[in-house]
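Novice: One structure follows; several queries about it will come next.
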Amino acid sequence: MSEQKKGLEGVIASETRISSIVGDQLTYAGYKIDDLAENALFEEVIFLLWNFRLPNQDELTDLQQQLTEHMSLNPRMYSHFEDYATDKIHPMAGLRTSLSYLAHFDEKSEDMSDEVNMKKAIRIQAKIASLVAAFSRVRQGKEVLKPKAEYSYAKNFLYMLFGEEPTDVQVEGFNKALVLHADHELNASTFTARVCVATLSDMYSGVTAAAGALKGPLHGGANEQVIKMITEIGSLDKVDEYIYNKLENKEKIMGMGHRVYKSGDPRAKFLKEMSRKLTEENGKKEFFEISLRIAEIVEKEKGLLPNVDFFSATVYDTMGIEHDLFTPIFAISRTSGWIAHILEQYSDNRLIRPRAEYIGETDRKYTPIEER
Ligand SMILES: CC(=O)SCCNC(=O)CCNC(=O)[C@H](O)C(C)(C)COP(=O)(O)OP(=O)(O)OC[C@H]1O[C@@H](n2cnc3c(N)ncnc32)[C@H](O)[C@@H]1OP(=O)(O)O
Ligand SMILES: O=C([O-])CC(=O)C(=O)O
């Protein structure tokens, strides 16, 4: 057996200036996540991840204007949703298609210059929010809405999704969720994006590949599975039987555990507090209590703690967001990180091509088909 680590656990596969995890401390370009979650607009975080510094007021205003401007969609970008935006297609599958389709409307999609790449970055970051909102509205037979110039990124998304002006509390909470999910070092989807563009493929390919990786339930797809589990459990008195059954059957409890954090995910405490407040305000306190009991059992039995996906599920649920949009919403935020890593990869590129240890049969001879 060679030295290889299953799932590349602990392997350093890249250098980065974008984010860092040391113990249970997460930083974006040197700023602690706690500081950013309490104070920053998501647009400031986008700028930070792409430029390694916070923007001044003019730079922030400029970025906000560009993002709002590019949120508008060519109707052909969403009219095709009618062909497949039914209960049968998951919105993450729709989003994966849409991210790729975005390139068809960019005549410079193959231009790899820094200047054009920055334009693509803004275009993709802007349009992913309107694509998710449009998907939801088209499948409900509702009109697709245009963003408002005076709204922030978080406010525009909620407005385009719900069709009414969101409250300040909703906007503040959603902005915080976007900040918390923006980047996370070499998580699976970000690594996928880097591997893809290290072949010198374009940015649309990178984010499309990343979205495919985020979709899986062991990664971003876990948040939808968490709300599914809580809804299935339904009441506090049913938690123990449900969870112990799953553990006895060696099934995983979604939203619990993490490859890197072993003493807790620093983002979870913010989402837990938001979940506590929102569930109380929205008459869904039992969902929070169910979450707490799940976490208590899994910590006691397996020593595992909630990750970022665990409490975000009840946060989004109490905001009235459809459950199958939870992972697309994660993608909206994480696009900022994917793009930062794509730009960083381009800036000092080398093809990513590891080796595999062959463990199959050897020395076999071809036999004609009629002899098999
Ligand atoms: C944004 C994000 O991507 S955060 C992660 C989102 N994913 C989830 O919430 C899915 C649930 N959690 C998991 O599957 C895992 O904890 C992961 C994939 C996140 C990380 O896990 P890894 O470090 O790769 O651990 P791995 O999957 O190898 O599990 C190690 C052991 O812990 C157990 N384990 C890990 N997570 C869980 C869990 N959530 N519930 C029950 N058991 C678990 C495994 O069954 C395994 O047990 P075994 O050694 O007896 O076979
Ligand atoms: O880092 C990881 O493996 C998963 C994660 O928490 C994230 O992507 O936010």
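The values are calculated or read from the model by the stated rules, or taken from the named source; none is laboratory data. If you're wondering where the values come from, they're calculated on a predicted model, not measured in any experiment. Virtual Cβ from ideal backbone geometry, glycine too; neighbours counted across all protein chains shown. SASA here: full protein model, heavy atoms, side chains in, ligands and nucleic acids out. Shrake-Rupley method; radii C 1.70, N 1.55, O 1.52, S 1.80 Å.
Novice: Label-point separation (nm) for residue 269 and residue 232, each offset 7 Å from Cα along Cα-to-Cβ?
Specialist: A separation of 3.2 nm, rounded to one decimal place.
Novice: For the chain, state the average projected area of the convex hull of the C-alpha atoms over all orientations, rounded to one decimal in nm². Show your work: numbers first, answer last.
Specialist: Numbers: hull surface 91.6 nm².
The orientation-averaged projected area of the Cα hull of the chain comes to 22.9 nm².
Novice: With n ≥ 4 as the cut-off for DSSP H runs, can you work out [θ] at 222 nm for the chain, using -39500 (n - 2.57) per run divided by the number of residues, rounded to the nearest 500? List each step's numbers first, then the result.
Specialist: Numbers: 17 runs with 212 residues, N = 372.
When only DSSP H runs of four or more count, the value is -18000 deg cm²/dmol.
Novice: How far apart, in nm, are the 7 Å Cα→Cβ label points at residue 11 and residue 142?
Specialist: 4.5 nm
Novice: Right, another one. With +1 assigned to the C-beta of every Lys and Arg and -1 to the C-beta of every Asp and Glu, and no other charges, what is the dipole magnitude of the chain about the Cα centre in debye, to the nearest 20? Intermediate values should be presented prior to the final figure.
Specialist: Details: 46 positive and 58 negative charges, 136 e Å.
I would put it at about 660 debye.
Novice: Treat every Asp and Glu Cβ in segment 71-202 as -1 and every Lys and Arg Cβ as +1, leave all other atoms uncharged, and give the resulting dipole magnitude about the Cα centre to the nearest 20 debye.
Specialist: Details: 16 positive and 18 negative charges, 54 e Å.
For this selection, approximately 260 debye.
Novice: Any idea of residue 53's accessible area? Nearest 10 Å², probe 1.4 Å.
Specialist: Solvent-accessible area, nearest 10 Å²: 110 Å².
Novice: Can you work out the PRE-style zone for residue 240? Point 7 Å along Cα to Cβ, and I want the residues of segment 267-290 with backbone N under 20 Å.
Specialist: In segment 267-290, the label zone of residue 240 (backbone N under 20 Å from the point 7 Å along Cα→Cβ) covers 286-290.
Novice: Please report, in debye to the nearest 20, how large the charge dipole of segment 222-318 is about its Cα centre when each Lys and Arg carries +1 at its beta carbon and each Asp and Glu carries -1 there.
Specialist: Details: 17 positive and 18 negative charges, 82 e Å.
Roughly 400 debye, rounded to the nearest 20.
Novice: Now a separate question. Taking amide hydrogens as modeled 1.01 Å from N in the peptide plane, which residues meet the under 5 Å criterion relative to residue 26, leaving out close sequence neighbours?
Specialist: Those qualifying (amide H under 5 Å, at least 5 residues apart or on another chain) are 33.
Novice: Follow-up question, since we're still on this one. Could you calculate the FRET efficiency of residue 250 with residue 38 from 1/(1 + (r/R0)^6), where r is the beta carbon distance between them and R0 is 41 Å, rounded to 0.05? Don't skip to the answer; put the middle values down first.
Specialist: Details: r = 39 Å, r/R0 = 0.96.
Working from the Cβ atoms, E equals 0.55.
Novice: With a cut-off of 8 Å between alpha carbons and a minimum separation of six or more residues, what is the relative contact order of the chain in percent? Could the numbers behind the result be given before it?
Specialist: Details: 492 pairs, mean separation 81.2, N = 372.
Relative contact order, the chain: 22 percent.
Novice: Below 8 Å between Cα atoms, with a sequence gap of 6+, how large is the relative contact order for segment 222-318 in percent?
Specialist: Numbers: 122 pairs, mean separation 42.9, N = 97.
Relative contact order comes out at 44 percent.
Novice: With Rg and the Kirkwood Rh both taken from Cα atoms, where does Rg over Rh land for segment 123-252? List each step's numbers first, then the result.
Specialist: Numbers: Rg = 18.4 Å, Rh = 17.6 Å.
My calculation of the ratio gives 1.05.
Novice: Something else about it: Using modelled amide H (1.01 Å from N, peptide plane; none on Pro or chain starts), what sits under 5 Å from the amide H of residue 19, excluding residues fewer than 5 places away?
Specialist: So residue 19 has HN proximity to 29, 185.
Novice: Further question: State whether segment 222-318 is rounded, prolate or oblate according to the following rule on the C-alpha gyration tensor (a ≥ b ≥ c being the square roots of its eigenvalues): a/c under 1.5 gives rounded; otherwise a/b larger than b/c gives prolate, and the remaining case gives oblate. Mind dumping the intermediate values first?
Specialist: Numbers: a/c = 1.84, a/b = 1.14, b/c = 1.61.
Cα axes put segment 222-318 in the oblate bin.
Novice: Using a 7 Å offset from the Cα along the Cα-to-Cβ direction at both residue 362 and residue 84, what is the distance between the two label points in nm, to one decimal?
Specialist: Simple spin-label model gives 4.4 nm for this pair.
Novice: Sum up the charges of everything whose Cβ sits under 14 Å from the Cβ of residue 281, counting Lys and Arg as +1 and Asp and Glu as -1, but leave residue 281 out.
Specialist: Working: positive: 276, 277, 284, 285; negative: 168, 172, 273, 280, 286, 317.
Counting the neighbours of residue 281, the net charge comes to -2.
Novice: Please compute the net charge surrounding residue 346, taking Lys and Arg as +1 and Asp and Glu as -1 over other residues with Cβ under 13 Å from its Cβ. Walk me through the intermediate numbers first.
Specialist: Numbers: positive: 120, 194, 350; negative: 111, 114, 115, 202, 344, 348.
That sum, taken over residues with Cβ under 13 Å, equals -3.
Novice: Let me ask you something else. Mind giving me the FRET efficiency for residue 104 and residue 57? R0 is 25 Å, r the Cβ-Cβ distance, nearest 0.05 is fine. Don't skip to the answer; put the middle values down first.
Specialist: On the way: r = 36 Å, r/R0 = 1.43.
Computed FRET efficiency for residue 104 and residue 57 comes out at 0.10.
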